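Asker: Okay, here's the structure, questions in a sec.
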Amino acid sequence: MLWTSWLLPLLSSSFYEPRPHSTSPPEPPALRFELRHLHAVSAADAHVVFADVPASAARIQQQAPLIKTRTVTAYKPPSFAAHAAARRRSLRLGQSTADFPWDEEEILAPDIEDRETLLELGKMSNNAYVDPEENGWYELGANWTVSYPFGWEPDADGFRGHVFATPDNSTIVLALKGTSSGFLGGGGPTAKKDKLNDNLLFSCCCARVDWTWTAVCGCHRGGWKCDQDCLEESLIEDSLFYPVGTNLYNNLTYMYPTANIWVIGHSLGGALSSLLGATFGVPVVAFESPGEKMAAERLHLPSPPSTLHITHVYHTADPIAMGTCNGVLSSCALAGYAMESRCHLGQSVIYDTVSNLSWSVDIRTHGIVNVIEKILASPWPPAEDEGRQVPVPVLEDDCVECYSWDYGDYPA
């Protein structure tokens with residue numbers, strides 16, 4: 001118990017010589033979470049809808065898993081209005097955002113080098129896809145409150161996920177749902193808008209794979225030419241999910257003004273989590289996310305001095321996260337997805353499942369359940385050989401994408 005950990009050294013000082021005072025910083029706390037809200041976006045007006053989880057629907061178990069934390073340096077905008085104004089100036093006037101006045105802060109973040117912490121966050125990311133009563137829901141332990149089915153209309157077709165909170169509301173976790181698609185193992189009412197956002201955010205030029213494709217914006221100018229201004233305006237004006245995500249985040253800060261907020265997600269949900277993390281300077285853990293760095297540049301997000309508060313977790317057999325699910329004969333293209341990006345913001349924890357588990361590169365390995373049950377559920381021997389729990393996080397500084405395309409001023 002906490003009081004015994006304080007009292008025992010005090011009593012011991014009566015019998016032993018006092019030890020030198022330690023100057024090491026205190027160990028960051030471990031956290032317990034409970035499901036607090038469900039969230040969705042109405043189809044009619046893109047209004048963010050929260051559904052509280054009633055205590056009467058709770059299922060409480062005996063022990064709660066702890067999520068370990070660490071302290072990281074993050075860069076936050078002085079206000080969301082200042083961030084939005086800088087984006088507008090960069091887009092409309094071509095003004096650089098290099099001198100944007102970021103506020104440097106030390107914040108509490110998940111310990112991404114602790115395997116069980118990644119495992120719990122992976123389960124939370126999975127649960128963003130499902131109702132707590134469905135078979136796919138992972139039980140997360142005691143003091144996690146789970147709810148009745150979603151508080152949304154069955155045909156709601158927008159942004160979805162769950163909001164978790166520690167019992168004292170000091171830390172909030174926003175878990176964002178990724179793409180629901182038949183070729184990824186499911187479908188549902190959000191599949192159409194999921195696909196639109198995928199093709200806007202992660203294609204080189206409006207999902208123009210070849211002449212047989214119907215592009216999602218009109219910026220292709222023949223051959224390998226793409227109009228840059230048109231592309232950026234289309235991404236900002238036509239993409240629903242990023243602005244809805246910023247609205248959702250602002251709602252959470254209003255509801256929990258003193259809380260630390262983390263954002264997590266899988267696939268499209270992970271990429272959107274990273275974009276929100278780059279916008280607001282909050283910790284992010286994204287699982288099997290397609291590369292979102294190109295989207296951040298096209299959205300004209302001011303670039304903070306560091307994005308190490310953003311962590312991607314993925315494996316080498318996933319062609320979406322690796323940026324190899326492209327070309328007219330790829331499984332992504334055959335399903336109508338132009339997943340052509342490959343570069344990630346922040347740092348990446350990459351599991352080499354091709355070399356160490358002999359996995360083949362296959363779109364079917366993209367699902368979050370594979371990560372939870374086949375990678376994170378057990379110790380990772382290559383990391384253990386180095387005295388670690390997970391692979392060493394790396395930066396993707398030398399990443400290049402869409403190198404065949406020529407972007408410039410090509411009016412229609």
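The values are calculated or read from the model by the stated rules, or taken from the named source; none is laboratory data. These numbers were taken from a predicted model, which means no experiment stands behind them. Every residue, glycine among them, receives a Cβ derived from its backbone with ideal geometry; neighbour counts consider all protein chains shown.
Asker: Residue check, GLY387 against (1) outside any helix (DSSP H, G or I); (2) in contact with a Ser or Thr (Cβ under 6 Å, 6 or more places away or on another chain); (3) at pLDDT 95 or above, all met but one. Which one?
Answerer: Only one criterion in (1) outside any helix (DSSP H, G or I); (2) in contact with a Ser or Thr (Cβ under 6 Å, 6 or more places away or on another chain); (3) at pLDDT 95 or above is unmet by GLY387, namely (2).
Asker: I would also like to ask the following. If you check SER358, SER306, which single one turns out to be more than 30 Å from VAL216 (Cα to Cα), free of Cβ contacts under 8 Å to residues at least 12 places away in the same chain and not aliphatic (A, V, I, L, M)? Lay out the reasoning, then the answer.
Answerer: On the way: SER306 fails: free of Cβ contacts under 8 Å to residues at least 12 places away in the same chain.
The unique qualifying residue is SER358.
Asker: Any idea which of LEU176, LEU196 is modelled with pLDDT of 70 or more, aliphatic (A, V, I, L, M), surrounded by 15 or more Cβ atoms within 10 Å (Cβ to Cβ) and in contact with a Ser or Thr (Cβ under 7 Å, 6 or more places away or on another chain)?
Answerer: The unique qualifying residue is LEU176.
Asker: Now for a separate question. With (1) in contact with a helix residue (DSSP H, G or I) (Cβ under 9 Å, 6 or more places away or on another chain); (2) part of a strand (DSSP E or B); (3) modelled with pLDDT of 95 or more as the list, and PHE50 as the residue in question, which single condition is left unmet?
Answerer: It is condition (3) that PHE50 fails.
Asker: Could you grab the pairs with beta carbons closer than 7 Å, sequence gap of 6+ or different chains, first residue in segment 86-114 and charged (D, E, K, R), second one part of a helix (DSSP H, G or I)?
Answerer: ASP111/THR117
Okay, residues lined up against (1) at pLDDT 75 or above; (2) β-branched (Val, Ile, Thr):
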site: ASP99; (1), (2): yes, no
site: ILE107; (1), (2): yes, yes
site: PRO110; (1), (2): yes, no
site: LEU118; (1), (2): yes, no
site: ASN135; (1), (2): yes, no
site: SER147; (1), (2): no, no
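Asker: Only residues that are among the β-branched types (Val, Ile, Thr), touching a residue at least 40 places away in the same chain (Cβ under 8 Å) and buried (at least 16 other Cβ atoms within 10 Å of the Cβ): list them for segment 315-355, please.
Answerer: Matches in segment 315-355: THR316, ILE320, VAL349, ILE350.
Asker: Among the residues in segment 305-313, are any in contact with a strand residue (DSSP E or B) (Cβ under 6 Å, 6 or more places away or on another chain), surrounded by 23 or more Cβ atoms within 10 Å (Cβ to Cβ) and part of a helix (DSSP H, G or I)?
Answerer: Within segment 305-313, none of the residues are in contact with a strand residue (DSSP E or B) (Cβ under 6 Å, 6 or more places away or on another chain), surrounded by 23 or more Cβ atoms within 10 Å (Cβ to Cβ) and part of a helix (DSSP H, G or I).
Asker: Which ones in segment 347-377 are in a loop (DSSP other than H, G, I, E, B) and either within 22 Å of SER267 (Cα to Cα) or in contact with a His (Cβ under 9 Å, 6 or more places away or on another chain) (or both)?
Answerer: Those that are in a loop (DSSP other than H, G, I, E, B) and either within 22 Å of SER267 (Cα to Cα) or in contact with a His (Cβ under 9 Å, 6 or more places away or on another chain) (or both): ASP352, LEU357, TRP359, SER360, VAL361, ASP362, HIS366, GLY367, ALA377.
Asker: Give just the number: which of (1) in contact (Cβ under 8 Å) with a residue 60 or more places away in the chain; (2) under 15 Å from THR353 (Cα atoms); (3) among the small types (Gly, Ala, Ser) does GLY408 not satisfy?
Answerer: GLY408 satisfies every listed condition except (2).
Asker: Considering only segment 83-100, how many residues are farther than 18 Å from GLY245 by Cβ, surrounded by fewer than 16 Cβ atoms within 10 Å (Cβ to Cβ) and among the small types (Gly, Ala, Ser)?
Answerer: 4
Asker: Do any residues in segment 128-139 that are within 17 Å of HIS266 (Cβ to Cβ) and among the hydrophobic types (A, V, I, L, M, F, W, C) have Cβ atoms under 6 Å from those of residues that are modelled with pLDDT of 70 or more and surrounded by fewer than 17 Cβ atoms within 10 Å (Cβ to Cβ), where the two are at least six apart or on different chains, and which pairs are they?
Answerer: Filtered contacts from segment 128-139: VAL130/GLY136; VAL130/TRP137.
Asker: Considering segment 248-271 alone, what residues qualify as being closer than 20 Å to ALA296 by Cα and surrounded by fewer than 16 Cβ atoms within 10 Å (Cβ to Cβ)?
Answerer: Within segment 248-271, ASN250 is the sole residue that qualifies.
Asker: Now a separate question. Any idea which residue in segment 101-138 is nearest to the chain's Cα centre (by Cα), counting only those that are among the aromatic types (Phe, Trp, Tyr) and either surrounded by 18 or more Cβ atoms within 10 Å (Cβ to Cβ) or assigned to a helix (DSSP H, G or I) (or both)?
Answerer: The selected residue is TYR129.
Asker: Now for a separate question. Here are the criteria: (1) farther than 28 Å from THR166 by Cα; (2) in a loop (DSSP other than H, G, I, E, B). Tell me which single one ALA296 does not satisfy.
Answerer: Of everything listed in (1) farther than 28 Å from THR166 by Cα; (2) in a loop (DSSP other than H, G, I, E, B), ALA296 misses just condition (2).
Asker: For segment 82-112, which residues satisfy the criterion of being among the charged types (D, E, K, R) and touching a Ser or Thr at 6+ places or on another chain (Cβ under 6 Å)?
Answerer: GLU106, ASP111
Asker: Right, here's the next one. Hey, among the residues in segment 218-235 that are at pLDDT 90 or above and crowded, with 20+ Cβ neighbours inside 10 Å, which one's nearest to SER267 (Cα to Cα)?
Answerer: Top of the filtered list is LEU231.
Asker: Here's a check for you: in segment 314-346, which residue that is polar (S, T, N, Q) and in a loop (DSSP other than H, G, I, E, B) is farthest from SER96 (Cα to Cα)?
Answerer: SER330
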